[in-house]
Amino acid sequence: MQIDLKRFHETFFEEAEEHLGTIEAGLLSLTEQGADPELLNTIFRSAHSIKGAAGSFGFNELARLTHVMENVLDRLRSGKRSPDEALTQHLLRASDTLRELVAATRKGEAASVPTDVVLAELSAELADGAAPATGEGAPRSAAGAGSPGEVVYHIVFEPEPDLFRQGQDVFLLLRDLAEVGTVLAVECRRDRLPPLAEMDAETCYVGWDLRVRTARPEDDLHDVFMFVEGSCKLEISAEAATGATSAGAPVTTEPGAIREDRRAGPQRRADSTSIRVPTEKVDALINLVGELVISQAMVNQAVSGYSLTPELEEALSVVQRSTRELQEQVMAIRMLPIGTVFNRFPRLVHDLSAQLGKRVRLESEGAETELDKSVIEPLGDPLTHLIRNSVDHGIEDPEQRIGAGKPEEGVVTLRAYHEGGNVLIEVSDDGKGLDRDRIRAKAISQGLVRDDVALTDDEMYALIFAPGFSTATVVSDVSGRGVGMDVVKRNVEALNGEISVRSVVGRGSRFRIRLPLTLAILDGLSVRLGRDTFILPLLSIRQSVRPEPSDIKTVLGSRGEIFLLRGEQLPLLRLSRLFHTAGTVEDPTRGIVVVTETDGRRFGVLVDDVIGQQQVVVKNIERNYRKIDAVMGATILGDGRVAFIVDVAELHRVATRRRQSDDEMEHVVGESAVAAIAAAQEDGA
Amino acid sequence: MSKTALIVDDSATMREMVSYTLKQAGFEPLTGANGQDGLDKLTGQQLDLIITDLNMPVMDGLSFIKAVRARDEYKFVPILMLTTESQVEMKAQGKAAGATGWLVKPFNPEMLLQVIGKVVPK
């Protein structure tokens, strides 16, 4: 049989990553909860799982490290050692090394990760008590004589009555025995056999006397009986003079030693409870379903002008319903619990608070909240930054906290939940809150606001997301260097999300990220410009209004226009001018102003008409063509035409820039865009 | 006729490896992620082999073995326990619970099949 263990490597590495998360989270809770048996079991089990599989695959470095970790954990579990800070640190360090080792092994560079130091540390932990058992699974040294010729053994095998209830099959044993040597004589011991009427068919009453001649060592005979040795009377004794090896006492043996076995094998088998599928396959499926949804909409639109037979109408509605369901189900495949990201933060908070001399506890809620894998992965960085920020700038020093009448230990809360078609993720702390005065002073000194402008709280807090903005008086080692909140905001916006902040002085701050469930589908408002259709993401739209002539004001001869929304002045952008669409409404009062909001700033977008709200399948343009300003993607409409999806945040930036210089905006509507979309479709299929 | 085997292990890697190996050896593998999950897979069908890990969340291997043995239709099914704890007491406890044999991790497919050969008729 040819079985290539490489086929299981990917599963192993993915699983090892999960176990690493468990180990790390567990070790961190260890400091708080002490030697909780269930917790220790969980950590132990993870180390144990990695070790077991690593050994089978010949990842010896991994097996060795997890083995030693397991020994240390076992001592904790058995109460021979209690978890103190030093031990936890050693274990954490070991788990770091383990992580590196897993990554390196994945690349086939296991040797590049030095493990001596952590192994020495852990071994030292083991050394200050009784030495634990090590080297299990090591080759069993062949006890007894070699094979100096054939020997005749006398074997007495008398099973206990309940042998069958262990699933043993005596005939298999006898057959195996015949493979080890030549069976010279078999005699059945029937002295325990009761009268037939009293006989229980499930009980074993008989035993055997056997004589076997073999050149193999006596251990091989014991191996035959290895699974029954504890539940039978077994005597093996050599009859001939050669090699007078001992007999009688049951010997516990193990079935074998680590052996390298890497051979090629055919097809992959599927696990019946779950299957692991490469992400590309799921993506291809999602893309295909997207196409299906579009085609389905096209069919519906194509037949809308005809009168249909009831059968056809019924069939079409079934197709429509099934398509929707199919789409939902397929999208669900790619959903992952956000806990996969949350897992890394306990460690971060632990390390940061130790570094800053603060006491901070991380609480998380809603780790099971699911969202698209493509959204989850890029979330790691912004969340890390927010948490760092909360621990560093939000939570006060223990003395300050006590002085403010708060518990010495600060709490950072990570929370995820669904709301409508969105996922909300909050990072909040019970720290000192944002310092309004300092933000204001900083904003003024940076020229972000004029000192005579009164700002609302929300406007003020929105300033912290401005590029280069940092209020930290001392640039600490933890945050306040490199990335700022502007990067967090950009990261979130790249996921079609938005971020906001609430804060109460002395009580704490809360950052809230609102994300779509997936990047593949978007809730949009379709609007008309001349003969073209554009999609505006619903998330950034506040309302749509048909303006009165008095609502529109032109500012000082420039092209700047102002839209008055119940007295509030909003900049007005004409989408038709930005995209150079032909045949559009020139008179604003004959069009519609869509009020959008981004960065806490609102502005009006003038379009010809609002067609309606719809879910669209997002097609990437950049990957297949190139980046187009203020366009985040495209979609194919029910009638087969292409519509651009407008990036509202960028639209605002581009429009502002454009007003300053007179740069022409990218204009790619029509032929070339259709070509780009066609390329996108081909690429995705 | 193909034989049916149930594999119970909390490690997906092990489940995959053991299932795959068994499939190559002509078994139809069923899997469970822990003892309870394994029990749920036992619906009275004919079973020729059970392979179970010992240390698992929710329900450990020993409890699983006992629960299987308590069911009439699985009283005599060979059960192999997978363990890295080569200590005598784990094996003894397993045997007392009703396990047929054991296999010490780490193992490779060849060793697995060899041990299966000891408890399942060819």
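The values are calculated or read from the model by the stated rules, or taken from the named source; none is laboratory data. Predicted, not measured: the structure shown is a model, and the values here were computed from it. So basically every Cβ, Gly included, is an ideal-geometry build from the backbone, and we count neighbours across all protein chains shown. Each accessible area value is taken on the protein alone, full model and side chains, heavy atoms only, with ligands, DNA and RNA left out. Shrake-Rupley method; radii C 1.70, N 1.55, O 1.52, S 1.80 Å.
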*Mind checking which residues of segment A:370-418 are without any contact (Cβ under 8 Å) to a residue 24 or more places away in the chain and in contact with a Lys or Arg (Cβ under 9 Å, 6 or more places away or on another chain)?*
A:Arg401, A:Pro407
*Does segment B:90-103 include one or more residues that are crowded, with 23+ Cβ neighbours inside 10 Å and more than 9 Å from chain A (Cβ to nearest Cβ)?*
yes
_Identity of the residue in segment B:72-89, assigned to a helix (DSSP H, G or I) and open to solvent by 30 Å² or more (accessible area, probe 1.4 Å), that ends up farthest from the other protein chains (Cβ to nearest Cβ)_ = B:Glu73
*Which of the residues that make up segment B:21-38 are free of Cβ contacts under 8 Å to residues at least 40 places away in the same chain, open to solvent by less than 30 Å² (accessible area, probe 1.4 Å) and in contact with a helix residue (DSSP H, G or I) (Cβ under 6 Å, 6 or more places away or on another chain)?*
B:Pro29, B:Thr31, B:Gly32, B:Gly35, B:Gly38
*Among A:Asp219, A:Asp209, A:Asp261, A:Asp223, which is the only one that is at pLDDT 85 or above and surrounded by 14 or more Cβ atoms within 10 Å (Cβ to Cβ)?*
A:Asp209
*Can you pull out the residues in segment A:169-208 that are within 60 Å of the chain's Cα centre (by Cα) and in a strand (DSSP E or B)?*
A:Thr182, A:Val183, A:Gly207, A:Trp208
*Scan A:Thr596, A:Thr589 and give me the residue that is in a helix (DSSP H, G or I), open to solvent by less than 40 Å² (accessible area, probe 1.4 Å), farther than 16 Å from A:Asp532 by Cα and not basic (Lys, Arg).*
A:Thr589
*Options A:Arg64, A:Arg77, A:Arg93, A:Arg99; residue that is farther than 27 Å from B:Arg15 by Cα, more than 9 Å from chain B (Cβ to nearest Cβ) and of a type in the set (D, E, K, R)*: A:Arg93
*Would you please name the residue that is modelled with the highest pLDDT, looking only at residues in segment A:526-540 that are open to solvent by 20 Å² or more (accessible area, probe 1.4 Å) and within 16 Å of A:Asp608 (Cα to Cα)?*
A:Arg528
*Could we say that B:Ile7 is facing chain A (nearest Cβ under 10 Å) and assigned to a strand (DSSP E or B) here?*
yes
*Would you point out the residue of segment B:41-71, among those that are part of a helix (DSSP H, G or I) and more than 10 Å from chain A (Cβ to nearest Cβ), that is surrounded by the fewest Cβ atoms within 10 Å (Cβ to Cβ)?*
B:Lys66
_Take the residues in segment A:29-51 that are open to solvent by less than 10 Å² (accessible area, probe 1.4 Å) and more than 9 Å from chain B (Cβ to nearest Cβ); name whichever of them is nearest to A:Thr66 (Cα to Cα)._
A:Ala47
*Might you check whether a residue that is of a type in the set (S, T, N, Q), crowded, with 19+ Cβ neighbours inside 10 Å, on the phi < 0 side of the Ramachandran plot and over 46 Å from the mean Cα position of the chain (by Cα) occurs anywhere in segment A:568-577?*
no
